[in-house]
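Everything on this sheet refers to the single structure shown next.
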Amino acid sequence: MKKSSTYVLISVFLLLLSACIKDNISIPADVTNNPQSSAIDISVNDIYNSHKENINTVGLSIGILKDGKTYFYGYGETKKGSNIVPDLNSIFEIGSITKTFTSILATEMLLNNNLDINTNIKAYLPNDLPTLNRNGIEVNFKHLLSHTAGFPFMPSNFRAKPFSDASKAWEAYDERMLFSFLDNLHLSSDPFSKMQYSNAGMAVVGVAIEQNYNQDYRNVLQNQLLLPLSLNNTSAYFERLDANKWTTGYSFNGKETNYFKSLNALNSAGVVKSTAKDLLTYASANINIPNTVLGNAITLSHAVQFTEYEENDYYKIRSCSGWFEYVNNNYPNEKFLWHNGATGGYNSEIFISLDHESALVLLYNKRTLDSSKRELFVADMLQLLF
């Protein structure tokens with residue numbers, strides 16, 4: 001096992017502006033919709049209150065799936081000063097949790113073509129692009145889905161100006177720019193020799209999906225995954241979601257942020273917006289898997305691909321397809337499917353215990369650069385799933 005900066009990359013959906021930048025700490029307003037009428041209600045409230053000074057958010061939406069029942073709790077506000085508590089249908093940007101959807105879509109696509117994730121990516125990219133390889137090892141879907149293809153975190157020609165509106169930089173990054181990046185790409189390591197988390201690699205998977213279906217990634221996602229799983233308040237299309245249900249996002253320095261309406265060529269890496277209710281529905285589909293090709297793809301997405309763990313002070317992970325296998329240091333015998341996400345004004349996490357058929361969703365409407373205090377909150381919340 002080894003420590004790695006991979007964790008910083010996984011937790012941060014935007015490029016960090018500077019290592020010396022510090023969070024402007026926010027303490028949520030003292031409002032909640034927790035009825036405190038059951039044992040789990042009281043436990044959640046006790047855990048929240050013991051950590052609220054350090055959670056650093058304006059609002060928080062919590063979803064728990066346990067023993068076949070769902071529980072939803074909101075703390076703080078959807079917008080500063082509104083006194084409106086986030087609920088199960090409040091909309092948040094979920095950033096890189098999108099990658100789990102993308103991986104399932106890609107695996108389903110391959111199954112429908114009688115192929116598997118060991119299929120080389122070349123056939124799904126424009127013919128004039130070079131073959132992506134290093135030392136004779138050609139990049140395939142498994143490499144891209146497990147972040148072992150040797151791709152950088154971001155395309156080398158992606159530019160976000162410090163202290164500017166980052167959403168504009170993502171929206172401006174089009175397919176032409178992505179193909180230019182691929183045309184000049186030199187892999188940093190042999191495929192499947194090292195885990196290196198990559199938005200760029202998942203963008204290439206999105207291109208493959210679009211090439212196969214001859215449709216925009218967002219449309220494929222809607223038709224192939226969101227509709228079949230009844231994720232009715234989840235979308236890659238900002239304009240299709242109810243404006244009245246949106247939370248307001250806040251940057252690490254406490255300022256309101258613009259929504260990430262489109263990530264253009266990087267949509268497949270982090271464009272999805274969702275709710276606590278829908279994410280628990282999604283978690284349930286990963287536990288009670290449908291007997292369909294989509295269900296087969298979901299099952300395959302759970303399999304560990306790259307067996308070496310990487311660790312930080314709180315947990316260790318290793319790569320599945322889109323998902324990560326997560327083990328919290330406080331509970332070394334418990335394994336979770338996990339992913340997190342971050343955009344300019346949001347952080348999110350989803351944990352699924354297949355053994356206990358339970359799940360936890362945490363949605364924050366404030367971006368943090370230092371998640372260490374939230375990790376202590378997460379550890380206490382996870383014990384509710386056993």
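The values are calculated or read from the model by the stated rules, or taken from the named source; none is laboratory data. Note that the structure is a prediction, hence the values are computed from the model and not measured. Please note: Cβ atoms are built from the backbone with ideal geometry, for glycine as well, and neighbour counts cover all protein chains shown. In case anyone asks, the SASA skips ligands and DNA or RNA and just uses the protein heavy atoms, side chains included. Shrake-Rupley method; radii C 1.70, N 1.55, O 1.52, S 1.80 Å.
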* Chain lengthening between residue 370 and residue 43 when straightened (0.36 nm per residue, less Cα-Cα) -> 115.2 nm
* **Under Karplus coefficients 6.51, -1.76 and 1.60, residue-wise ³J(HN,Hα) of segment 24-35 in Hz, glycine/proline x** => 8, 5, 10, 10, x, 4, 7, 9, 7, 10, 5, x
* Long-range amide H contacts for residue 150: which residues qualify at under 5 Å (H placed 1.01 Å from N, peptide plane, sequence gap of 5 or more or a different chain)? -> 192, 196
* For segment 259-271, just list the computed ³J(HN,Hα) in residue order, Karplus coefficients 6.51, -1.76 and 1.60, θ = phi - 60°, integers in Hz, with x standing in for Gly and Pro. => 5, 8, 5, 8, 10, 6, 5, 9, 3, 5, 8, x, 8
* How many Å³ per residue does the convex hull of the Cα positions in segment 251-370 occupy? -> 133 Å³
* Structure fact -> Most packed first (mean Cβ within 10 Å per residue), the peptides 361-369, 278-286 order as 361-369, 278-286
* **Protection proxy ranking, peptides 313-319, 247-253, 114-120, average beta carbon neighbours within 10 Å, highest first** => 247-253, 313-319, 114-120
* Structure fact -> Note: probe point = Cα of residue 22 + 7 Å toward Cβ; backbone nitrogen < 18 Å; residues of segment 372-386 passing the test are 372-374
* **Rounded, prolate or oblate (a/c below 1.5 giving rounded, otherwise prolate when a/b exceeds b/c) for segment 168-315 by Cα gyration tensor** => rounded
* Structure fact -> residue 30 and residue 335 label points (each 7 Å along its Cα→Cβ direction) are spaced in nm at 4.5 nm
* Sum of -39500 (n - 2.57) over DSSP H runs of 4+, divided by residues of the chain (222 nm, nearest 500) -> -8500 deg cm²/dmol
* **Estimated distance in nm for a label pair at residue 245 and residue 54, the labels positioned 7 Å out from Cα along Cα-to-Cβ** => 3.4 nm
* Asked: For segment 70-116, which semi-axes, largest first and in whole Å, follow from the square roots of 5 times the eigenvalues of its Cα gyration tensor?
  -> 37, 11, 6
* For the chain, rounded, prolate or oblate, judged on the Cα gyration tensor with a ≥ b ≥ c (square roots of eigenvalues), a/c < 1.5 rounded, else prolate if a/b > b/c? -> prolate
* If you average 1/r over all unlike Cα pairs in segment 241-292 and invert the result, what Kirkwood radius do you get in angstrom? -> 13.7 Å
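With the contact rule set at Cα under 8 Å and sequence spacing of 6 or more, what percent relative contact order holds for the chain?
Taking the mean separation of contacting Cα pairs over the length of the chain, I get 27 percent.
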* Asked: Over the Cα atoms of segment 55-137, how large are the radius of gyration and the largest Cα-Cα distance (Dmax), in Å?
  -> 21.1, 59
* Over segment 188-274, average the accessible area per residue using a 1.4 Å probe and give it in Å², no decimals. => 37 Å²
* Asked: Any idea what the dipole of the chain comes to, in debye rounded to 20, about its Cα centre with Lys/Arg Cβ at +1 and Asp/Glu Cβ at -1?
  -> 560 debye
* At a Cα cut-off below 18 Å, give the lysines reachable from residue 366, other chains included and same-chain residues fewer than 8 away excluded. => 22, 52, 79, 80, 245, 255, 261, 273
* Pop out the ³J(HN,Hα) list for segment 176-189 in order, Karplus 6.51 cos²θ - 1.76 cosθ + 1.60 with θ = phi - 60°, rounded to Hz; leave Gly and Pro as x. => 4, 5, 5, 5, 5, 4, 5, 5, 10, 6, 10, 4, 7, 7
* Determine, from the Cβ-Cβ distance of residue 118 and residue 186 and an R0 of 30 Å, the FRET efficiency 1/(1 + (r/R0)^6), rounded to the nearest 0.05. => 0.85
* **Helix 372-382 axis, angle to the chain major axis (alpha carbon atoms, nearest 10°)** => 80 degrees
* Structure fact -> Ordering 65-74, 294-303 by per-residue average of other C-beta atoms within 10 angstrom, highest first, gives 294-303, 65-74
* **Dipole moment magnitude, nearest 20 debye, segment 295-361 about Cα centre, only Lys, Arg, Asp, Glu C-beta charged** => 140 debye
* Any idea what the dipole of segment 203-257 comes to, in debye rounded to 20, about its Cα centre with Lys/Arg Cβ at +1 and Asp/Glu Cβ at -1? -> 120 debye
* **Rounded tilt (10° steps) of 276-287 against the dominant C-alpha axis of the chain** => 60 degrees
* Structure fact -> Listed by chain and number, the lysines with an alpha carbon less than 24 angstrom from that of residue 194, same-chain partners under 8 positions apart left out, are 2, 3, 99, 122, 142, 316, 335
* Quick one: grab the alpha carbon gyration tensor of segment 83-240, order the square roots of its eigenvalues as a ≥ b ≥ c, and give me rounded if a/c is under 1.5, else prolate or oblate depending on whether a/b is larger than b/c. => oblate
